[in-house]
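S.K.: Before I ask anything, here is the structure I am working with.
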Amino acid sequence: MDDISKEIFIRDYEKAVFQESAAIFAGAGLSQNSGFVNWKELLRELAREIKLDVDKESDLISLAQYFVNGRSGSKHELLTLILQKFSHNYVKNDPMDILASMPIKTYWTTNYDNIIEKCIEKQNKEYDLKISDSNFSTTKENSDVTIYKFHGDSRNPESIVLTKDDYSSFHSTHQLFINALTGQLLTKTFLFIGYSFNDPDFLQILSSIRAIAKNVRTHYCLTKRIDSSEIEKKYLNTPDNTSEKKKLKVEYDNCLYEMEKQRHIVKDLKRFGINTVFVDDHKEIPILIAQIQKKNATRRIFIAGSCRDYGAWTEHDAAILMSKLGEGLIKKDYHISTGLIEGVGPQVVSGALHAIAEKNVDLSKYLSIKTLPLIKGKADHIDTEAKKMYQDDMIKKVGIVIFLFGNNFYDGQLQVSKGVLGDYSRALEHNKYIIPVGATGYAAKFISGKIELNINNFHYLKKFISRLNTETDPDMLVNTILETIEYIRDFEYDNLLEFFPLS
């Protein structure tokens, strides 16, 4: 078939997240994870009222229109039903919770519920909500995310798009929505989740893009693979000339038909740059999204360390080590966070800036520097509460913490840095991956020793801890650190199964 592998999808979509060009398009399948009904279930009772069977209907837009026609064109009952069905309290939604934790700034949805909004709020993010063309004239200040409710919102019944009349007038009533989505489909990488691609307004937008753009942008959709193996097994193992065999024959033939239809749909979506990623079970979806989240988090690295004395290292070699580490991380497309702490921060930043200049990229995407908050501008007056908040914030936003050197003078004596040990405690508290470069001594060596005593809790370090502790060549040590990071980023799947078991 014309689907793509999960590995390619994870790699490429995570890169789009890092480049801040990722977007989400959520359909009813996403909301079903939280107990909301899909279109068919929404219209089931209404279909009975007009003596139709929703299971026999493929055109649900017409079905909704038939019901409204039977009410003299009034949508009141239909809108009241939507308000009832989509107004219950938030229920946990694993895929959306994980998506909301990532730096994705654009969400589109045809759903009427507020699942996306609630998940964004849980991350303490602000959102700008668009439910009608009139919303486009204003922009909410300091918003982290923009949510476009393409077919309206249950809390604003007049915004709901559901009947043939609604779709017929869509291009005149939602022109700004259409323009915005068209532009973003050309400039962002969309992930379609829980979406069936049956909406005529959306399909028309895709067709218009294909007509004007020679090269369409790559997008992805997650879809459960239709599989005939189970029904085929039952059919073959059922005795011939029985009513059960006849029933299974119908089911088996229908399944084969749906498989063939799915093959055509997947191929057709590729015309618009939409690549299908198959899952065998819907429970795989949060695992795939969690892998993207983990890869994105581990692309963000905090350098913890301070140094008043380089110990066994010469100042020259130590500077080369840290500068090459900063440069190497940027060349591998990692984002560095650090404070300008004496003896470590400036050297790492120097190498990072050199690589950023060579790549000719936006500095803010690759480097975050936070200096400690001072009182009255004096270096010896640090606001303790603000300092803790800054340090916690820096650790929370990364996936990996690298420890280098780590010493300071206390009462005139050179000792292991209390601040660096504090960073270690915070990294443990927030479940970050920890890479102690024990070869640099001091706090890094102390942390490495503690980890070696509990190495099974840090199994990602087993292959590397010895080299991290003993290598003294700057180039070789930087390569070991980079190898460790790559290993961490690649071994996630088994760990994620503990949180989202398939069985």
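S.K.: Counting only residues that are hydrophobic (A, V, I, L, M, F, W, C), in the same structural domain as Tyr424 (by TED's automatic domain parsing) and either touching a Lys or Arg at 6+ places or on another chain (Cβ under 7 Å) or part of a loop (DSSP other than H, G, I, E, B) (or both), how many does segment 265-315 have?
M.R.: Matching residues across segment 265-315 total 3.
S.K.: Within segment 1-17, how many residues are assigned to a helix (DSSP H, G or I), farther than 27 Å from Lys118 by Cα and touching a Lys or Arg at 6+ places or on another chain (Cβ under 7 Å)?
M.R.: Adding up the residues that qualify gives 0.
S.K.: Something else: Residue under question is Glu483, and the condition is that it be surrounded by fewer than 15 Cβ atoms within 10 Å (Cβ to Cβ), modelled with pLDDT of 95 or more and under 26 Å from the mean Cα position of the chain (by Cα); does it hold?
M.R.: Considered against the rule, which asks whether it is surrounded by fewer than 15 Cβ atoms within 10 Å (Cβ to Cβ), modelled with pLDDT of 95 or more and under 26 Å from the mean Cα position of the chain (by Cα), Glu483 comes out as yes.
One line per residue, one yes/no per condition, for (1) within 27 Å of Lys324 (Cα to Cα); (2) β-branched (Val, Ile, Thr); (3) out of contact with any Cys (no Cβ under 9 Å at 6 or more places or on another chain):
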residue	(1), (2), (3)
Met389	no, no, yes
Met394	yes, no, yes
Asn408	yes, no, no
Leu414	yes, no, yes
Ser417	yes, no, no
Tyr424	yes, no, yes
Ala427	yes, no, yes
Tyr433	yes, no, yes
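S.K.: Quick check, is Ala211 crowded, with 16+ Cβ neighbours inside 10 Å and assigned to a helix (DSSP H, G or I)?
M.R.: no
S.K.: I'd like to check something: does segment 235-250 contain any residue that is on the phi < 0 side of the Ramachandran plot, buried (at least 18 other Cβ atoms within 10 Å of the Cβ) and assigned to a helix (DSSP H, G or I)?
M.R.: Checked against the condition, which is being on the phi < 0 side of the Ramachandran plot, buried (at least 18 other Cβ atoms within 10 Å of the Cβ) and assigned to a helix (DSSP H, G or I), segment 235-250 yields at least one hit.
S.K.: Among the listed residues Leu222, Leu206, which satisfies the condition of being modelled with pLDDT of 90 or more and assigned to a strand (DSSP E or B)?
M.R.: Leu222
S.K.: Further question on the same structure: With Thr109, Thr189 as the choices, which residue is touching a strand residue (DSSP E or B) at 6+ places or on another chain (Cβ under 6 Å), crowded, with 19+ Cβ neighbours inside 10 Å, within 30 Å of Asn69 (Cβ to Cβ) and of a type in the set (S, T, N, Q)?
M.R.: When all the criteria are applied, what remains is Thr109.
S.K.: Residues in segment 46-59 that are assigned to a helix (DSSP H, G or I) and touching a residue at least 12 places away in the same chain (Cβ under 8 Å): how many?
M.R.: Residues in segment 46-59 being assigned to a helix (DSSP H, G or I) and touching a residue at least 12 places away in the same chain (Cβ under 8 Å): 5 in total.
S.K.: Six or more apart or on different chains, Cβ atoms under 8 Å: show the pairs whose first residue is in segment 18-31 and part of a loop (DSSP other than H, G, I, E, B) and whose second is among the polar types (S, T, N, Q).
M.R.: Ser21/Thr187; Ser21/Thr189; Gly27/Thr109; Gly27/Thr110; Gly27/Asn111; Gly27/Ser196
S.K.: Anything in segment 285-317 that is within 20 Å of Asn469 (Cβ to Cβ) and surrounded by fewer than 21 Cβ atoms within 10 Å (Cβ to Cβ)? List them, or say none.
M.R.: Those that are within 20 Å of Asn469 (Cβ to Cβ) and surrounded by fewer than 21 Cβ atoms within 10 Å (Cβ to Cβ): Asp309, Tyr310, Gly311, Ala312, Trp313, Thr314, Asp317.
S.K.: So the check is Cβ under 9 Å with 6+ separation or different chains; which pairs have a first residue in segment 200-222 that's over 22 Å from Leu60 (Cα atoms) and a second one that's acidic (Asp, Glu)?
M.R.: Qualifying pairs under 9 Å: Thr218/Asp12; Tyr220/Asp12; Leu222/Glu284.
S.K.: Name the single residue, out of those in segment 130-149 being in contact (Cβ under 8 Å) with a residue 12 or more places away in the chain and more than 18 Å from Ala22 (Cα to Cα), that is surrounded by the fewest Cβ atoms within 10 Å (Cβ to Cβ).
M.R.: Asn142
S.K.: Looking only at residues that are within 19 Å of Arg299 (Cα to Cα), of a type in the set (Val, Ile, Thr) and not in a loop (DSSP other than H, G, I, E, B) in segment 419-464, which one is farthest from the chain's Cα centre (by Cα)?
M.R.: Ile435
The values are calculated or read from the model by the stated rules, or taken from the named source; none is laboratory data. Only a predicted model underlies this, so the values are computations on that prediction, with no experimental measurement involved. As a convention, Cβ positions derive from the backbone with ideal geometry for all residues, glycine included, and neighbour counts pool all protein chains shown.
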